[in-house]
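The values are calculated or read from the model by the stated rules, or taken from the named source; none is laboratory data. Keep in mind the model is a prediction, meaning the values are calculated, not measured. Ideal geometry is used to build each Cβ from the backbone, glycine not excepted, and the neighbour counts take in all protein chains shown. Protein only, heavy atoms only, side chains kept; ligands, DNA and RNA dropped before computing areas. Shrake-Rupley method; radii C 1.70, N 1.55, O 1.52, S 1.80 Å.
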Amino acid sequence: MTEPTLLGPQDPPPFTVIGAQGASPYLLIADHAGQAVPAALDQLGLPQAELDRHIGWDIGIAGTTRALAALLDATAILQTYSRLVIDCNRPLEAPGS
């Protein structure tokens, strides 16, 4: 028996790596960079306009992180999914995760 998964084949990967071969010793992480919702969650019952607000993601952090990674020649990891799906600042077992 296989465990059910939340992400389906049509869903984007959970993160994007920018500048994997960067020379900088710094690693940049943008944990609320995306606003995607897995298809299985049906937009969490929310209209896109709600996901576009700050409740759904950190507006501008993806672009800021990409620009900073380019300036520093650093590797960056951008999280794809909305903070309403998963809050990567918390352990998975935390009630607020």
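Assorted remarks:
- Under the Karplus curve 6.51 cos²θ - 1.76 cosθ + 1.60, θ = phi - 60°, whole-Hz ³J(HN,Hα) for the range 31-42, x wherever Gly or Pro sits: 7, 10, 7, x, 10, 5, 10, x, 3, 4, 9, 6
- For Ile29, nonlocal amide neighbours, meaning residues 5 or more places apart or on other chains whose placed amide H falls under 5 Å from its own, are Ile77.
- Carbon and sulfur %, accessible surface of the chain computed with the full protein complex present, 1.4 Å: 62
- Rounded to whole Hz, the Karplus (6.51, -1.76, 1.60) HN-Hα couplings of the range 6-19, x for glycine and proline: 7, 8, x, x, 8, 7, x, x, x, 8, 10, 9, 10, x
- Per-residue ³J(HN,Hα) for the range 86-95, Karplus 6.51 cos²θ - 1.76 cosθ + 1.60, θ = phi - 60°, Hz, x for Gly and Pro: 8, 9, 6, 7, 10, x, 4, 7, 5, x
- For the range 3-97, the dipole from Cβ point charges (+1 on Lys and Arg, -1 on Asp and Glu) about the Cα centre works out to 220 debye, to the nearest 20.
- Note: relative contact order over the chain, using C-alpha pairs below 8 Å and six or more positions apart, is 42 percent.
- Protein heavy-atom accessible surface, 1.4 Å probe, per residue over the range 1-80: 65 Å².
- With the biggest extent put first, the Cα atoms of the range 49-97 measure 37, 28, 11 Å across the principal axes.
- Kirkwood-based Rg to Rh ratio, the chain, C-alpha trace: 1.02
- Note on the range 81-97 and the range 37-73: Cα centroid distance 14 Å, given to the nearest whole angstrom.
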